Amino acid sequence: METALKLVQTPSQPPPSLEGYRVLARKYRPTKLSQIIGQDFLVDTLRRGIEGGRLGHAFILTGIRGTGKTTTARIIARSLNCEKGPTPEPCGTCSSCTAIGLDRSMDVIEIDAASRTSVDDIREIIEASRYKAVSAHYKIYIIDEVHMLSKSAFNALLKTLEEPPAHVKFIFATTEIHKVPATILSRCVRFDLKRIESSTLTTYFKTLCDQESVDSEPEALALIAKAAEGSVRDGLSLLDQAMTYGTSRITAEQVRQMLGFSDQGSLLELFQIIMEGNILIAFEKLRTFYKEGADPQRMLEDLLDLAHWLQCLKISPNLAQDITLPTEKRQKGLELATSLSIPTLTRVWQMLLKGLEEVRRSPSPQKALEVVMIRLTHMAPLPSLNELLEGLPESIPVKKKF
C-alpha cells in the first residue's frame, strides 16, 4: 500500500504544459488599433473619436467572417478602459488591459447571442447596466452574433440602448446585418468591415513567416491569400496548416497540393486543349489532375477565374504586364486571349458556371466534371450567332433584332 502511494505521489514525468501550441490567429491577434490591417477607415474614425472624446454609446460591427469584428470590439473596450486612457493605443500592461486580454474583466462582459437569445438574458443585462463599473472607466457589453437575438429580446433592449447610463457602452458584432431590426441600427454607429485585399494579406503573411522563422515563396503566400477570400482568420488558419505541412519552408507546390489548386501552366494547357476541341487529351489531363488530388469543384473555379482573366486580358492587354503573376501564365494567357473571341469566352464562362452547379449537386463530381468538359470541347469551336448570320447567302433576308 505504501509503495502504491509513493508511485502516485511522485510521478516519474513532469505534467504537460496546459498552454500548448497557440494557433497564429490567436497568437498574433491585434491588441491595438495600429495593428489592425486593411480597415483604414475604421481605424482612423475610432482613433479620432477616442482622442476627441466623441465616441458614441453603441456600435455595430458587420462584415464577413474573419475580418476583425470581435477583435475590434475588444480593442475598443481596452482603449476605453486602459488606466492611461481612454487612448487609441492601450498600454497592454495595466491591470485593466491585462484583465480584458485574459477575459477576466468584471467590467467588460462578452456575450454570445447565439446561445443567449431570450428576453430574460437581455433583462439581466439591463438590470446589471444600472450599476457602475467596478474598477474601470466604463462597463462595456460586447454581444457577438447579435442577429441571433429574438424579436422580444431586441425590443427589450431598445429603451436602454437609446438612453443608456453614462458609464455603459454597447458593442455589437454580426455577419448578417440584414437580420438586425432597423430600430436597433438607428441607435448604433455602424462600421462595415470590408474584405482584406490579397496584396495586404500576402504582406502580412510574409511578416508572420519572418517572425516564426519560416522561409516562404511569394507565390505560396499569394495562393494562401487568394484562398482566404478576404478573411484574415481563414488565411491564418491556412498559413498555420502550410507551416505544419512544409516545416521550415512553404513552397507554392506544397500549397497547391494542400488547397487542391491546379498548376497554372497545366491549367492553361488544359484550357487551350478544350478550346481546340481535343476531348481525349483533355480527359487524360483531367485524370492526371484527379490522381494528384485536385478537387473537381476547385478545378472548375480555377477555370472560371481563368476565363474571366482572359476576357479582361482581351479587353486590356496591359494586364499581361502584371509582375505578380507567373511569367508562364502571362505569356500563355496573352496568346490564348489573342486567339479567342469575346463571344467564345462568354459562352465558356456560362457553361463553366452551369457546370459548377452540376458538380456541386452531383453524387460523382469527377464524372460531372468530365461531362462538362465534353460539352465544352463540342461547343467552344462553334461560330457565334452573328458569324452564322453573316455567312448566309444575300438572297435570304435576315431581320436582326440585336
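The values are calculated or read from the model by the stated rules, or taken from the named source; none is laboratory data. Computed from a prediction, not measured in an experiment: that's the story for all the values here. So basically every Cβ, Gly included, is an ideal-geometry build from the backbone, and we count neighbours across all protein chains shown.
Screening the stretch 289-308 for residues that are surrounded by fewer than 19 Cβ atoms within 10 Å (Cβ to Cβ) and in contact (Cβ under 8 Å) with a residue 12 or more places away in the chain and picking the one that is nearest to R330 (Cα to Cα) gives H308. Go through the stretch 52-66 and give me each residue that's crowded, with 17+ Cβ neighbours inside 10 Å, touching a strand residue (DSSP E or B) at 6+ places or on another chain (Cβ under 9 Å) and not aliphatic (A, V, I, L, M). Answer for the stretch 52-66, where residues must be crowded, with 17+ Cβ neighbours inside 10 Å, touching a strand residue (DSSP E or B) at 6+ places or on another chain (Cβ under 9 Å) and not aliphatic (A, V, I, L, M): H57, F59, T62, G63.
Going through the stretch 33-51 one residue at a time, which ones are in contact with a Lys or Arg (Cβ under 8 Å, 6 or more places away or on another chain) and surrounded by 14 or more Cβ atoms within 10 Å (Cβ to Cβ)?
L33, G38, Q39
Quick check: is even one residue across the stretch 86-99 surrounded by 13 or more Cβ atoms within 10 Å (Cβ to Cβ), in the same structural domain as D44 (by TED's automatic domain parsing), closer than 28 Å to L149 by Cα and not acidic (D, E)? Within the stretch 86-99 (the criterion being surrounded by 13 or more Cβ atoms within 10 Å (Cβ to Cβ), in the same structural domain as D44 (by TED's automatic domain parsing), closer than 28 Å to L149 by Cα and not acidic (D, E)), the answer is yes, since at least one residue qualifies.
Scanning the stretch 112-122 for residues that are part of a helix (DSSP H, G or I) and more than 23 Å from R74 (Cα to Cα) yields V119, D120. If the condition is being exposed (fewer than 14 other Cβ atoms within 10 Å of the Cβ) and part of a helix (DSSP H, G or I), then the stretch 125-135 contributes E127, A128.
Scanning the stretch 293-318 for residues that are more than 21 Å from the chain's Cα centre (by Cα) and of a type in the set (D, E, K, R) yields one hit, K314. Listed by first and then second residue, the pairs linking a residue in the stretch 346-361 that is at negative phi and in contact (Cβ under 8 Å) with a residue 12 or more places away in the chain to a residue that is polar (S, T, N, Q) and in a helix (DSSP H, G or I), with Cβ atoms under 9 Å apart and 6 or more places separating them unless they lie on different chains, are T346/Q311; W349/Q311; L356/Q297; V359/Q297; V359/Q366; R360/Q297.
Selection over the stretch 348-368 of residues that are farther than 15 Å from A307 by Cβ and either in a helix (DSSP H, G or I) or among the aliphatic types (A, V, I, L, M) (or both) gives a count of 9. Under 8 Å between Cβ atoms, at least 6 apart or on separate chains: pull out the pairs that start in the stretch 124-152 with a residue that is within 16 Å of D112 (Cβ to Cβ) and end on any residue that is in a helix (DSSP H, G or I) and polar (S, T, N, Q). Correct list of pairs: I125/T160; I140/N81; I142/T70; D144/T70. Listed by position, the strands (runs of 3 or more DSSP E) inside the stretch 136-229 whose residues that are crowded, with 19+ Cβ neighbours inside 10 Å and at pLDDT 90 or above number at least 2 are 139-144, 168-174. When the test is whether a residue is out of contact with any Leu (no Cβ under 6 Å at 6 or more places or on another chain), under 28 Å from M258 (Cα atoms) and either among the β-branched types (V, I, T) or not in a helix (DSSP H, G or I) (or both), I274 does not pass it. Which one is surrounded by the fewest Cβ atoms within 10 Å (Cβ to Cβ), of the residues in the stretch 230-262 that are in contact with a strand residue (DSSP E or B) (Cβ under 7 Å, 6 or more places away or on another chain) and farther than 30 Å from L286 by Cβ? Looking at residues that are in contact with a strand residue (DSSP E or B) (Cβ under 7 Å, 6 or more places away or on another chain) and farther than 30 Å from L286 by Cβ, I get S248.
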